[in-house]
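Since the structure comes first, as structure tokens, the remarks are kept for the end.
Values quoted throughout were computed directly from the atomic coordinates according to the rules given, and no laboratory measurement underlies them. These figures come from a predicted structure and were not determined experimentally. Neighbour counts are summed over all protein chains in view; Cβ atoms, including those assigned to glycine, are modelled from backbone coordinates with ideal geometry.
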Amino acid sequence: MCAVNTIAAEWIKLRTLRSTWWALGIGVLLSLALTMLGATTVISRWDPGRTPDQAAMGIIVAVYVGVILGQLPFGMLGTMTISGEYASGMIDTTLVAMPSRGRVLVAKAAVLGGAATAASLLIAIPGYLFGRLVAAEFHPSLLPAEVWKVIGGGTLMIAATTLLGLALGAILRNGAVATAALVAIVLLLPFVANMLPWGEEVNSFLPTWPALQLIEQLPDIMPTWAAFTVLAGWAVVPLLIAVIVQRLLASRGGAD
Amino acid sequence: MIEVSGLTKHFRQTPAVDDLTFTVSPGRITGFLGPNGAGKTTTMRLILGLDRPTAGRATVNGMSYQHLERPLTQVGALLDATAVQGGRRAEQHLWWLARSNGISRQRIGGLLELVGLGDAGHKRVGGFSLGMKQRLGLAAALLGDPEVLLLDEPINGLDPEGIRWMRDLLKSLAAEGRTILVSSHLMSEMAVTADHLIVVGRGRLLADAKITEFVRPGASLEDVFMEVVGKCAP
């Protein structure tokens, strides 16, 4: 009962800010444009012997490259959702209305996760239909079994980045710092790790390589189940840390 | 009813609130006075569970704030009226607050009328003056029709008409039997608004008395306040 009220309130908060729609709109439109451009280029180079299943897989892979591109705006939406409340001081009003910090954070995660997944479908579905149109001569099958790994991996990556953004915003409480940390974890560290001797081991535990492996953009360095586990971990563990950090800060009381 | 007992809050080593004990009773306006940094806001934050006390406890209707069911229906608070996200419209701000405590959205229109924002409900809060934000904050505090009200400097930024309106509103709310704790720096205003006074300085309780007992005949509230606060200065 109470959890429903908290989630409903956070959903109202999320959709009554214009910045939410800007972040989602930019993420969706930019990714969709790049998906269509990429799919056209890739499909035009296919050899004519492609089977219908291979064609369907190729389309889904092209689409999810686009979906992954949408992750940074969505991740920044995650940080803004909480850092904006710290910046304005409205977090106090939130906590007077809903005194459980943990429950507020979980409610924010629920509505953000839902919004990010819905937005990823707004990229994937039009992108998929467009891809089928361009690849019509290969008679792609509908959704062969192996595409679900790509769809699952891409969707989980979007959700994980968004929730990681929220967790970083909750821990660091400053939008600019949290965004910088997000970019470092999702983009810079995987790139840097690649140049290190044990880069592959490091990258196995960062979110980006497992996601790109699942959507067939990088060679496999771990089993599929491990890639899914690492991604799911990035969606959940930073949020748990954020809940614990907020508890500690609340008991000390000095940070507010 | 608000009960504060042995309430203490240290920020690092400095005590902001130091062994404070008092009761705020229903049916009257209790003025909460003290110089800057006396610990008024910290005390209110501790009552609302926004900070955790180093020692002692504060309860509302016999319970600590965190354990209240649908807290906005029991306690209304106005802390910092400017602490709102400017991108939302006034009615949207009240809408999420209402929804968070299962309060009917139907109340919002009437409340905006009551606080004099009937025409501004569709406007974004970012464009509001301080006085308008105070009115919105009061609407937020009254959203759940609470028995207990905590208002931190609610008349800051209000125009003379607004100050008189706030005074009359608080008096009528107290007459309905509500518990009202209101802080202010404006002695002349407190002198005509409050029935009871709690005076703090450097985190300690300096006075807890009926205003008629606190202010001697012939002296002003300001005179007596300066005298009491001066005694506790280092």
Query - Ratio Rg/Rh [Cα only; Rh per Kirkwood] for the range A:1-134 - result: 1.15
Report task. Grab the DSSP H runs of chain A that are 4 residues or longer, score each as -39,500 (n - 2.57), total them, divide by all residues and round the 222 nm result to the nearest 500 deg cm²/dmol. Result -> -26500 deg cm²/dmol
Query raised in the report: Okay, helix-only estimate at 222 nm for chain B: each DSSP H run of n ≥ 4 adds -39500 (n - 2.57), divide by all residues, round to 500 deg cm²/dmol; what do you get?
Result: -10000 deg cm²/dmol
Requested in this report: Enumerate the residues in the range A:71-103 having an amide nitrogen under 13 Å from the point lying 7 Å beyond the Cα of B:R52 toward its Cβ.
Outcome: A:101-102
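Mind putting a number on the dipole of chain B about its Cα centre? Charges go on the C-beta only, +1 for Lys and Arg and -1 for Asp and Glu, and I need it in Debye to the nearest 20.
Values: 26 positive and 24 negative charges, 142 e Å.
Dipole magnitude for chain B comes out near 680 debye.
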**Report entry** Residues B:I2, A:I123 arranged by fewest to most Cβ contacts within 10 Å
**Finding:** B:I2, A:I123
Query raised in the report: In percent, what relative contact order does chain B have, based on Cα pairs under 8 Å that are 6 or more apart in sequence?
Result: 28 percent
**Report entry** Value of relative contact order over the range A:24-99, rounded to a whole percent, pairs C-alpha under 8 Å and six or more apart
**Finding:** 45 percent
Query raised in the report: What is the Cα radius of gyration of the protein assembly as shown over 2.2 N^0.38 Å, N being its residue count?
Result: 1.21
Query raised in the report: Taking the range A:103-256, how much of its Cα-Cα pair set, in percent, is spaced more than 21 angstrom apart?
Result: 53 percent
Report summary line: The residues A:L121, A:L163, B:L130, B:L173, sorted from fewest to most surrounding Cβ atoms within 10 Å, come out as B:L130, A:L121, B:L173, A:L163
Query raised in the report: In the range A:38-108, which chymotrypsin sites (Phe, Trp or Tyr not before Pro) are in a loop and have at most 15 other Cβ atoms within 10 Å, using DSSP for the loop call?
Result: A:W46
Query raised in the report: Amide H of B:T54: which non-local residues (sequence gap of 5 or more, or other chain) have their own amide H closer than 5 Å, using H built in the peptide plane?
Result: B:T8, B:K9, B:H10
Report task. Give me the percent of DSSP beta bridges within chain B that run antiparallel, rounded to the nearest 5. Result -> 55 percent
**Report entry** Distant alpha-carbon pairs in the range A:78-130 (separation over 15 angstrom), percent
**Finding:** 58 percent
